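Colleague: Following this message is one structure expressed as structure tokens.
The values are calculated or read from the model by the stated rules, or taken from the named source; none is laboratory data. Nothing here was measured: the structure is a model prediction, and the numbers come from that model. Heads up, the Cβs are rebuilt from the backbone with ideal geometry, glycines too, and the neighbour counts pull from every protein chain shown. Just the protein is used for accessible areas: all its heavy atoms, side chains included, with ligands, DNA and RNA removed. Shrake-Rupley method; radii C 1.70, N 1.55, O 1.52, S 1.80 Å.
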Amino acid sequence: MTNKIPTDTPSQHKVEQLKSIIELLSDGGWHTGPGLAQRLKVSRAYVWKLIQQLQEYGLALESISGKGYRLKQHLNLLQQGEINQQLSEDKVDAQVFMLADSTNQLLKDEGFCHKRLIIAEYQSAGRGRRGRNWVSPIAANLYWSLGWQTQMPVQKLGGLSLVVGLSLVSALEQLGYKDLALKWPNDLRYQGKKLAGILVELSGDASGDLNVIIGVGLNVQMDQSTAQEIEQAWMSLSELADEQGLNGPNRQQVLIGCVKHLNSNLALFEEFGFEHFLSKWQEYDESFDQQVSILQANSKLQGLGAGVDSSGAFLLQTDSQLETIYAGEVSLRINQ
Ligand code: BTN
């Protein structure tokens, strides 16, 4: 699926109508066009347009003539009030948007604040590392960005995306998931398939503090048909839950767990630096002792993954020496 950048950003009223359709469908039953039209007090033709729009946003729907429309899989929209209630002790202020270009961008546009959390049900221009697109179908996954203001010197922030990855692992382990792995510097994986990606963006402010935007995309129940453009191997938490005999994931519960673990790890990171997390990283480091390639703009380095140093930089054992690799614009491939 290509994420559609809405040419005409829908009005708030239309966004509410799109939301109402999803809410009506979320009972899991069949709904006819006329039935939905009646509930929304609009024409059938307009319902059809709304349904088309939702399909363009990647909503996985079945439709059968005579029966109407039904969601392919169970879903509940994220509830801002409940999320804020559960994150109140963490002093996180969450806002849920139906549509965003990118939650990282929206956090900047809405006004960066420490512990402001922007969540979207859909991203039209979700950003991945190295200029990639992050496929973000509506109400299927989790897309969120947390603002974090810190006085840590920028040179110490190299390990931050690793700490974010470890926070996701802890949250998911608490929910019963097992055998998760981290691929330096920003991928959460299971058996070589990507479950989540992390995009950290930094900017300075006049006081000398750093404004850090921590963006996380976590595949929860993405339909294969909406994700055909993803080039690398990926999977959703729902598949992993099936494989490991767990209940299907509840997106809101997963989100809250991840933000809580991240929030407490950020405090530890600020106080003790990445060193505090080094041994934990070693438990999940997928490329340790594996043949890997490091792809840089114009070069490729090959060697054996040798862990990370106390700042979170990658260590590559080549034939001749131990090289230290900083995240920047490099890409790491684990050779099969
Ligand atoms: C990657 O693995 O390349 C990083 C992906 C990060 C995606 C998330 S989704 C929420 C936040 N907003 C964005 O535009 N990107 C991040």
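Colleague: Restricting attention to region 177-211, which residues are of a type in the set (D, E, K, R) and within 15 Å of the ligand (Cβ to nearest atom)? Lay out the reasoning, then the answer.
Modeller: Here is the first cut: in region 177-211, the residues of a type in the set (D, E, K, R) are 178-179, 183, 187, 189, 193-194, 201, 205, 209.
Those that are of a type in the set (D, E, K, R) and within 15 Å of the ligand (Cβ to nearest atom): 183, 187, 189, 193, 194, 201.
Colleague: Residue under question is residue 250, and the condition is that it be surrounded by fewer than 18 Cβ atoms within 10 Å (Cβ to Cβ), modelled with pLDDT of 95 or more and within 23 Å of residue 81 (Cβ to Cβ); does it hold? If you could, list the steps in order and put the result at the bottom.
Modeller: Details: surrounded by fewer than 18 Cβ atoms within 10 Å (Cβ to Cβ): yes; modelled with pLDDT of 95 or more: yes; within 23 Å of residue 81 (Cβ to Cβ): yes.
The answer is yes for residue 250.
Colleague: Give the residues of region 281-306 that are surrounded by fewer than 16 Cβ atoms within 10 Å (Cβ to Cβ), within 26 Å of the chain's Cα centre (by Cα) and assigned to a strand (DSSP E or B), sorted by residue number.
Modeller: Hits for region 281-306 are 293, 295.
Colleague: Out of (1) free of Cβ contacts under 8 Å to residues at least 60 places away in the same chain; (2) within 14 Å of the ligand (Cβ to nearest atom), the odd one out for residue 64 is which?
Modeller: Going through (1) free of Cβ contacts under 8 Å to residues at least 60 places away in the same chain; (2) within 14 Å of the ligand (Cβ to nearest atom) one by one, residue 64 breaks only (2).
Colleague: Collect the residues in region 53-69 that are under 26 Å from the mean Cα position of the chain (by Cα) and of a type outside the set (Ser, Thr, Tyr), keeping them in residue-number order.
Modeller: Filtering region 53-69 for residues under 26 Å from the mean Cα position of the chain (by Cα) gives 53-62.
The answer is 53, 54, 55, 56, 58, 59, 60, 61, 62.
Colleague: Please go through region 212-237 and pick out each residue that is more than 14 Å from the ligand (Cβ to nearest atom), outside any loop (DSSP other than H, G, I, E, B) and either closer than 21 Å to residue 119 by Cα or within 10 Å of the chain's Cα centre (by Cα) (or both).
Modeller: 226, 237
Colleague: Got a sec? Which of 135, 163 is closer than 21 Å to residue 309 by Cβ and either out of contact with any strand residue (DSSP E or B) (no Cβ under 7 Å at 6 or more places or on another chain) or within 12 Å of the ligand (Cβ to nearest atom) (or both)?
Modeller: 163
Colleague: Continuing with the same structure: For region 257-276, name all the residues that are of a type outside the set (D, E, K, R) and either assigned to a loop (DSSP other than H, G, I, E, B) or open to solvent by 10 Å² or more (accessible area, probe 1.4 Å) (or both).
Modeller: The initial filter retains those residues of region 257-276 that are of a type outside the set (D, E, K, R), namely 257-259, 261-269, 272-274, 276.
Answer for region 257-276, where residues must be of a type outside the set (D, E, K, R) and either assigned to a loop (DSSP other than H, G, I, E, B) or open to solvent by 10 Å² or more (accessible area, probe 1.4 Å) (or both): 257, 261, 263, 264, 265, 267, 268, 272, 273, 276.
Colleague: For residue 116, are the conditions met, namely being touching a strand residue (DSSP E or B) at 6+ places or on another chain (Cβ under 9 Å), open to solvent by 20 Å² or more (accessible area, probe 1.4 Å) and within 28 Å of residue 309 (Cβ to Cβ)? Before the answer, list the steps.
Modeller: Details: touching a strand residue (DSSP E or B) at 6+ places or on another chain (Cβ under 9 Å): yes; open to solvent by 20 Å² or more (accessible area, probe 1.4 Å): yes; within 28 Å of residue 309 (Cβ to Cβ): no.
Spelling it out, it is not the case that residue 116 is touching a strand residue (DSSP E or B) at 6+ places or on another chain (Cβ under 9 Å), open to solvent by 20 Å² or more (accessible area, probe 1.4 Å) and within 28 Å of residue 309 (Cβ to Cβ).
Colleague: Give me the pairs, please: first residue somewhere in region 77-101 and free of Cβ contacts under 8 Å to residues at least 12 places away in the same chain and farther than 22 Å from residue 261 by Cβ, second residue anywhere and among the acidic types (Asp, Glu) and open to solvent by less than 50 Å² (accessible area, probe 1.4 Å), beta-carbon distance under 9 Å, and either six or more positions apart or on two chains.
Modeller: Qualifying pairs under 9 Å: none.
Colleague: Which of (1) under 30 Å from residue 153 (Cβ atoms); (2) in contact with a helix residue (DSSP H, G or I) (Cβ under 6 Å, 6 or more places away or on another chain); (3) surrounded by 16 or more Cβ atoms within 10 Å (Cβ to Cβ) does residue 314 not meet, given it meets every other one?
Modeller: Residue 314 satisfies every listed condition except (2).
Colleague: Follow-up. Name the residue, out of 195, 202, 188, that is open to solvent by 20 Å² or more (accessible area, probe 1.4 Å) and in a strand (DSSP E or B). Lay out the reasoning, then the answer.
Modeller: Values: 195 fails: open to solvent by 20 Å² or more (accessible area, probe 1.4 Å); 188 fails: open to solvent by 20 Å² or more (accessible area, probe 1.4 Å).
On inspection, the qualifying residue turns out to be 202.
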